[in-house]
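Comments concern the structure below.
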Amino acid sequence: MGSLQSATAERRIPAPLRRVLVWERVKRRTEALPFIAPAWVLVTAIGFIPLVYAVWLSLTNQSVYSPDHAYVGLRNYFDAVFDRSFLSAGLVTALFVVVGVTLQFVIAYLLATFLHMQLRGFKIMRTILLTPLMVTPVIVGLMFRFMFTSHVGIAYYAEKAIGLNPPWFTDAIWAKVFVVMLDTWLTTPFMMLMLLAGMSSMPTEPIEAASLDGANWWQRTRYIIMPALLPVVTVALLVRIVDTARIFDQVYSSTRGGPGTSTLTVAILGYNQTFQYFQFGQGAAIAIALTVLMSPVYFFYIRLTRV
């Protein structure tokens, strides 16, 4: 409606003045081009060009054994994506996304609520809780692997002291628990920081009024805090879903997808096809398939954060 009214108003302007306005609009956009061109060049170089190359690679039979780049159509997708191994890796990845992100959100919300009270020493506690953000995922994976290794790691001896001995690296279920625990320790501070920022920008009057009316913690959380934090929570969850769906570093450096294929994610499957079996076309097909599967989340995030 607004665009129709503006178009009607523009038609009422005399032709010479309309040409001047059009020229001024073009001039402003042209003057802004040198400032936005580097960003577009960077996005094209590191985003669009590799994506186009990956799509082209997924349609060829390029490998160490077939370096001729012959076009094979969708054969790589039928061989690598429509396969039991991809389905298994997808289910493992979905498990990490659902269980891991849910656990991270619950812990992050409780920690953010605690820090938002600003009790004595909360700044020191906040600094300590944000420490995992400063460590790279590969180092975290190696660190947890060493800590839980039998007869070597400190976590092994702590478990032994209380009578526990979980088979972290030999049992499929315990290996999944290990990966979820590792990823939760690494990424919960990010979600906690976003929730804490959202809580800091909330008005305190509705919460104080609800407390005076006798609302308990759960009622204040459900009817006041969570609705106010919904935009922040949605963005945080979308970012973590996308990040967990492509989880690779910490899993590969700790369990390498084992035991067997119990912690093999889609990203590790694509890595193995590309750099272990040297099937570059099938590895690219797996990467493109993961991108397509996650594209609804990407578009929803872009639409949600559009200014």
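The values are calculated or read from the model by the stated rules, or taken from the named source; none is laboratory data. Values in this document were obtained by computation on a predicted structure and should not be read as measured data. Cβ sites come from the backbone with ideal geometry, for glycine too, and all protein chains shown count toward neighbours.
Restricting attention to the range 199-254, which residues are modelled with pLDDT of 90 or more, in contact with a Leu (Cβ under 9 Å, 6 or more places away or on another chain) and not in a helix (DSSP H, G or I)?
ARG246
Are there any pairs with C-beta distances below 8 angstrom linking a residue in the range 291-307 that is closer than 14 Å to ASP243 by Cα to a residue that is outside any helix (DSSP H, G or I) and at pLDDT 80 or above, with the two at least 6 apart or on different chains, and if so which?
Pairs found: MET294/ARG246.
If you scan the range 201-219, which residues turn out to be surrounded by 10 or more Cβ atoms within 10 Å (Cβ to Cβ) and among the β-branched types (Val, Ile, Thr)?
Correct list: ILE207 only.
Within the range 203-214, is there a residue that is in the same structural domain as ILE107 (by TED's automatic domain parsing) and within 30 Å of SER295 (Cα to Cα)? Before the answer, list the steps.
Taking the range 203-214 and keeping what is in the same structural domain as ILE107 (by TED's automatic domain parsing), we get 203-214.
So of that shortlist, the ones also within 30 Å of SER295 (Cα to Cα) come out as none.
No, there is no match, as no residue in the range 203-214 is in the same structural domain as ILE107 (by TED's automatic domain parsing) and within 30 Å of SER295 (Cα to Cα).
Going by the conditions given, is THR261 in a loop (DSSP other than H, G, I, E, B) and touching a Leu at 6+ places or on another chain (Cβ under 9 Å)? Break it down stepwise before answering.
Values: in a loop (DSSP other than H, G, I, E, B): yes; touching a Leu at 6+ places or on another chain (Cβ under 9 Å): yes.
So THR261 passes the test.
Checking HIS151 against (1) of a type outside the set (Lys, Arg); (2) part of a loop (DSSP other than H, G, I, E, B); (3) in contact (Cβ under 8 Å) with a residue 24 or more places away in the chain, which single condition isn't satisfied?
(3)
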